[in-house]
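The values are calculated or read from the model by the stated rules, or taken from the named source; none is laboratory data. None of these values were measured; they are calculated from a predicted model. Positions of Cβ are backbone-derived with ideal geometry, glycine not excepted, and every protein chain shown enters the neighbour counts.
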Amino acid sequence: MTRPLAATALILLALMSDALAANDYNEVVTAVNESAKTFSCSGGPGHPSYIYMTTNKTVIRTSEQSVRLSHLWHRGHFSDIQVGKIVSIRWHLRGDERIADRVIVYPAKK
């Protein structure tokens, strides 16, 4: 009885894997396209760079401190995403595109 149930659960999980959200932390913004509302980030030297699309549902938060405490975040705008700043991104896949659900912008490293 438990084997068919476990097999069904694994199949459902595999089918839903594209819809599950992922997180990327401490990424450095490498490029911003204001007109397309996209930005690219890299985890550092030797890490791949990915392009993230934003939508009207994307929540952008900013913090003037590098401390990751939610009570220090402020509502931000796409213009807060700038080259060199550090971001944490919650995103999901839509086809082959990474869609940003939430972006937290931190000050650039000095």
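Among the residues of region 87-104, none qualifies, meaning not one is in a loop (DSSP other than H, G, I, E, B), surrounded by 12 or more Cβ atoms within 10 Å (Cβ to Cβ), at pLDDT below 95 and not charged (D, E, K, R).
From the list S79, S17, S42, exactly one residue is among the small types (G, A, S), modelled with pLDDT of 90 or more and under 23 Å from G95 (Cβ atoms). Which is it? Walk me through how you get there before you give the answer.
Details: S79 fails: under 23 Å from G95 (Cβ atoms); S17 fails: modelled with pLDDT of 90 or more.
Only one candidate passes the filter, namely S42.
The requirement of being of a type in the set (G, A, S), at pLDDT below 90 and loosely packed, with under 11 Cβ neighbours inside 10 Å is satisfied by A6.
Every condition in (1) surrounded by 14 or more Cβ atoms within 10 Å (Cβ to Cβ); (2) modelled with pLDDT of 90 or more is met by D24 except one, and the failing one is (2).
Taking every residue in region 40-52 that is closer than 10 Å to V29 by Cβ and pairing it with any residue that is in a loop (DSSP other than H, G, I, E, B), at least 6 positions away or on another chain, the pairs with Cβ-Cβ distances below 8 Å are S42/P48. If you go through region 55-68 one residue at a time, do you hit one that is under 13 Å from T30 (Cα atoms) and either modelled with pLDDT of 85 or more or surrounded by 16 or more Cβ atoms within 10 Å (Cβ to Cβ) (or both)? So far as region 55-68 goes, no, none of its residues is under 13 Å from T30 (Cα atoms) and either modelled with pLDDT of 85 or more or surrounded by 16 or more Cβ atoms within 10 Å (Cβ to Cβ) (or both).
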